[in-house]
1. Starting with the fewest neighbours, write out Ile35, Ile26 ranked by other beta-carbon atoms found within 10 Å of each beta-carbon.
2. Set the bar at 23 Å for Cα to Cα. Now go through Lys2/Lys103; Lys90/Lys119; Lys36/Lys119 and name every pair that lies beyond it.
3. First check a/c for segment 63-140, with a ≥ b ≥ c the square roots of the eigenvalues of its C-alpha gyration tensor; if it is under 1.5, answer rounded, and if not, answer prolate when a/b is larger than b/c or oblate otherwise.
4. Which of rounded, prolate or oblate describes segment 44-175 when judged by the alpha-carbon gyration tensor and an a/c cut-off of 1.5?
5. Under a Cβ-Cβ cut-off of 12 Å, what is the net charge of the residues other than Leu147 that fall near it, where Lys and Arg count +1 and Asp and Glu count -1?
6. Relative contact order of segment 43-116, please, whole-number percent, based on alpha carbon pairs below 8 angstrom and at least 6 residues apart.
7. Under 5 Å between amide H atoms, partner at least 5 residues away or on a different chain: which partners does Lys109 have, H built in plane at 1.01 Å?
8. Glu139 to Ala27: extension gain in nm, 0.36 nm per residue of separation minus the Cα-Cα distance?
Amino acid sequence: MKLIGLAGWSGAGKTTLLSRLVPLLIAEGLRVSVIKHAHHNFDVDVPGKDSWVHRKAGATEVLVTSSNRWALMHELRGDREPTLRDLVPKMSPVDLVIVEGFKRDSHRKIEVHRVANAKPLLYPEDSQIVGIATDAAIETHLPLVHLDDMPAIAALVKASAVDVADLSAPHMAGV
């Protein structure tokens with residue numbers, strides 16, 4: 001199983017890029033999963049539904065299942081937020097895990113940068129950035145691909161992803 005991150009400021013287009021990238025990678029025969037870092041107060045439950053009631057009642061975990069999907073919600077209840085290193089082993093085996101967010105973690109990342117967002121580059125301050133997908137002209141020694149060039153982004157993702165079997169490798173240190 002390989003892993004690569006997509007990092008960038010809010011509004012850079014990471015989710016939009018992923019929504020275009022995942023189908024392309026799947027069409028190439030890869031099995032792809034995503035780990036998404038969200039803000040602290042997100043909710044996937046619908047208020048009033050059974051799973052929401054069970055969680056609000058104090059259950060540590062609520063697993064909801066149907067003939068189409070299952071989802072496991074785990075309430076931290078004051079425990080520390082899990083790291084990417086904690087979360088990756090919870091994923092079912094696939095060919096590629098793409099991490100959206102976790103921009104401050106020490107894993108390999110491709111920066112998503114949009115000029116209209118008016119935010120500074122994370123690169124070169126983040127040494128784990130191995131490429132940039134952008135709509136800007138940037139001088140860098142890193143691979144640079146245009147945000148609309150999905151085949152080039154897919155190639156960069158595949159070339160930059162690292163095996164998760166050794167999370168203690170230097171490129172994953174601190175994850």
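1. Numbers: Ile35 17, Ile26 13.
So the residues, fewest neighbours to most, are Ile26, Ile35.
2. Numbers: Lys2/Lys103 18 Å; Lys90/Lys119 33 Å; Lys36/Lys119 21 Å.
Cα-Cα > 23 Å for Lys90/Lys119; rest within.
3. Details: a/c = 2.40, a/b = 2.02, b/c = 1.19.
Here segment 63-140 falls in the prolate category.
4. Values: a/c = 2.15, a/b = 1.91, b/c = 1.12.
Prolate.
5. On the way: positive: Lys14, Arg20, Arg114; negative: Glu111, Asp135, Asp148, Asp149.
Charge balance in the 12 Å sphere: -1.
6. Values: 33 pairs, mean separation 11.0, N = 74.
Worked out over segment 43-116, it gives 15 percent.
7. Gly5, Ile129, Val130
8. On the way: separation 112, 0.36 × 112 = 40.32 nm, distance 3.23 nm.
Result: 37.1 nm gained on full extension.
Each value in this text was obtained by applying a stated rule to the coordinates, not by laboratory testing. On a predicted model such as this, the values are computed, not experimentally measured, just so you know. Glycine gets a Cβ as well: all are built from the backbone with ideal geometry, and neighbour counts include every protein chain shown.
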